[in-house]
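Peer 1: Submitted below is the structure of interest, expressed as structure tokens.
The values are calculated or read from the model by the stated rules, or taken from the named source; none is laboratory data. Computed from a predicted structure; not experimentally measured. We place every Cβ from the backbone using ideal geometry, glycine too, and count neighbours over all the protein chains shown. We work out accessible area using only protein heavy atoms, side chains counted, and drop any ligands, DNA or RNA first. Shrake-Rupley method; radii C 1.70, N 1.55, O 1.52, S 1.80 Å.
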Amino acid sequence: MPRKFDDNEKNRIHNKLLDAGYELFSQYGFKKTSVSDIAKASGIASGTFYSFYASKEELFFALMEQEEQRIQHSLLQQLHSALVNKEAFIVFLKQSLELIIDNPILKEVLLPEQLESIIRKVPASQWEGNYAGDVEKLGPLIVEWQSRNVVRADLEPALIVNLIRSLVLLSLQKKAIGNFSDTFEHLATSVAQYLTTTDH
């Protein structure tokens with residue numbers, strides 16, 4: 001019979017799993033890290049792991065969301081204290097994409113074979129929640145930019161979020177594209193120019 005933990009123990013183990021998962025996924029990659037590796041680094045039995053997460057994919061997804069939120073919080077803080085104009089939006093877009101692609105956790109999910117496994121094991125409702133969260137966090141900021149005539153007001157905020165997410169997903173085809181850095185730079189600039197107004 002699985003051991004029952006009180007709330008303090010649950011929080012402690014949960015944090016240990018996140019910390020261990022971050023370190024192991026960052027160092028060895030998603031594919032080479034096993035549940036037993038994570039459990040051992042967390043000081044728990046492998047069976048106990050499944051009291052917290054149904055799979056290593058679900059733990060990875062939790063870390064992915066954690067890193068996304070950290071990056072979003074950092075960038076949004078910068079934006080709120082910066083001059084709001086077209087140039088600031090273009091910088092924001094490029095920095096967002098660069099931080100996501102260079103992040104040790106998020107870059108793992110951008111590998112096609114990893115993404116396929118994570119999509120298969122993580123419930124669709126969690127992916128839907130992830131997308132809804134992006135719209136919820138970025139939507140009000142986009143509306144503010146639209147009111148200031150920085151971003152095109154004829155585009156729905158959800159569509160703008162989709163365009164930004166699409167740029168991130170483009171990196172899944174990094175090997176097939178070739179000369180990805182230059183291609184990405186020009187495409188990100190083109191998307192930013194498309195999204196911003198011409199008279200600001």
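Peer 1: State yes or no: is residue 39 touching a Phe, Trp or Tyr at 6+ places or on another chain (Cβ under 6 Å), of a type in the set (A, V, I, L, M) and without any contact (Cβ under 8 Å) to a residue 40 or more places away in the chain?
Peer 2: Against the criterion (touching a Phe, Trp or Tyr at 6+ places or on another chain (Cβ under 6 Å), of a type in the set (A, V, I, L, M) and without any contact (Cβ under 8 Å) to a residue 40 or more places away in the chain), residue 39 qualifies.
Peer 1: Can you spot a residue in the stretch 178-200 that is open to solvent by less than 80 Å² (accessible area, probe 1.4 Å), of a type outside the set (S, T, N, Q), under 30 Å from residue 53 (Cα atoms) and under 18 Å from the mean Cα position of the chain (by Cα)?
Peer 2: Looking through the stretch 178-200, none of the residues is open to solvent by less than 80 Å² (accessible area, probe 1.4 Å), of a type outside the set (S, T, N, Q), under 30 Å from residue 53 (Cα atoms) and under 18 Å from the mean Cα position of the chain (by Cα).
Peer 1: For the stretch 108-140, what are the residues that are touching a Leu at 6+ places or on another chain (Cβ under 9 Å) and more than 22 Å from residue 93 (Cα to Cα)?
Peer 2: Those that are touching a Leu at 6+ places or on another chain (Cβ under 9 Å) and more than 22 Å from residue 93 (Cα to Cα): 112, 115.
Peer 1: Could you please find all residues in the stretch 150-177 being in a helix (DSSP H, G or I), of a type in the set (Val, Ile, Thr) and open to solvent by less than 40 Å² (accessible area, probe 1.4 Å)?
Peer 2: 160, 161, 164, 168
Peer 1: Mind counting the residues in the stretch 85-100 that are surrounded by 18 or more Cβ atoms within 10 Å (Cβ to Cβ) and of a type in the set (A, V, I, L, M, F, W, C)?
Peer 2: Count: 5.
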